[in-house]
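In what follows, a single structure is set out as structure tokens and then discussed.
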Amino acid sequence: MNPANSRALNHAYQRPSKLYRYSQRQWLERSLQLGEFRLRPPPQEAQLIVPSDQIMPFGTRKAVAASAFLTLSLAADWDEKLFDAFGDADTCLVIHDAEQFGERMHRAVQRLLPSWAGIDAAISYGLPSPLGAAFSKARQLASEKEWLFAWRPTQHATSCNPVVVRIGSIEGIAELRAREA
């Protein structure tokens, strides 16, 4: 692998210092106070790109359907335009310590779904990600600057139903920011 590709790959797996979740205030208040997040399969309209050369833990199977994952999507950058990109969003949860948040999230999911493997990384836009379909999206979605947490069952699962994960209050590492009028 050439050094430029190696730097790009390392950047994709290094958590940003902050993460952002754009949604309705009622849901983000629960996230802030209880550490409550809903994991769900990626939306069908996500326009995923399916790569052929995936790496562990998401690439160990042939053509894993995107719906076989549970995901939590956040943004890696603050951007007022993302309020519009996420429908009825009126508030943003700003997570000031992405590293602590990520570790707590992975521990909580491991307790809830012990036979699942998880990873988080930046989405690859327009090019297949080595992590697979869950981390690959069409170029026209690049403005979302998505950081994705994803989990897949380590054993064959027929369906992936949404689940709610609680990691405890994150008020010490996060805040709510209202959309500016």
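The values are calculated or read from the model by the stated rules, or taken from the named source; none is laboratory data. Since the model is a prediction, treat every value here as computed from it, not as a measurement. No Cβ is skipped: glycine too gets one built from the backbone with ideal geometry, and neighbour counts run over all protein chains shown. Just the protein is used for accessible areas: all its heavy atoms, side chains included, with ligands, DNA and RNA removed. Shrake-Rupley method; radii C 1.70, N 1.55, O 1.52, S 1.80 Å.
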Of the accessible area of the range 104-181, computed with a 1.4 Å probe and all protein chains kept, carbon and sulfur make up a percent value of 50
The long-range amide H neighbours of LEU131, using H built 1.01 Å from N in the peptide plane and a cut-off of under 5 Å, are ILE55
Amide H neighbours of TRP116 at under 5 Å, excluding residues fewer than 5 places away on the same chain, with H built from the backbone geometry, are THR154
With x for Gly and Pro, the residue-by-residue ³J(HN,Hα) of the range 76-81, computed from phi through the Karplus equation 6.51 cos²θ - 1.76 cosθ + 1.60 at θ = phi - 60° and given in whole Hz, is 8, 9, 6, 7, 3, 5
Checking rank on 14-26, 120-132, with mean other Cβ inside 10 Å and highest first, the result is 120-132, 14-26
Residue by residue through the range 86-101, the couplings from Karplus 6.51 cos²θ - 1.76 cosθ + 1.60 with θ = phi - 60°, in Hz, x for Gly and Pro, are 10, x, 8, 5, 10, 9, 10, 8, 9, 9, 7, 10, 5, 5, 4, 4
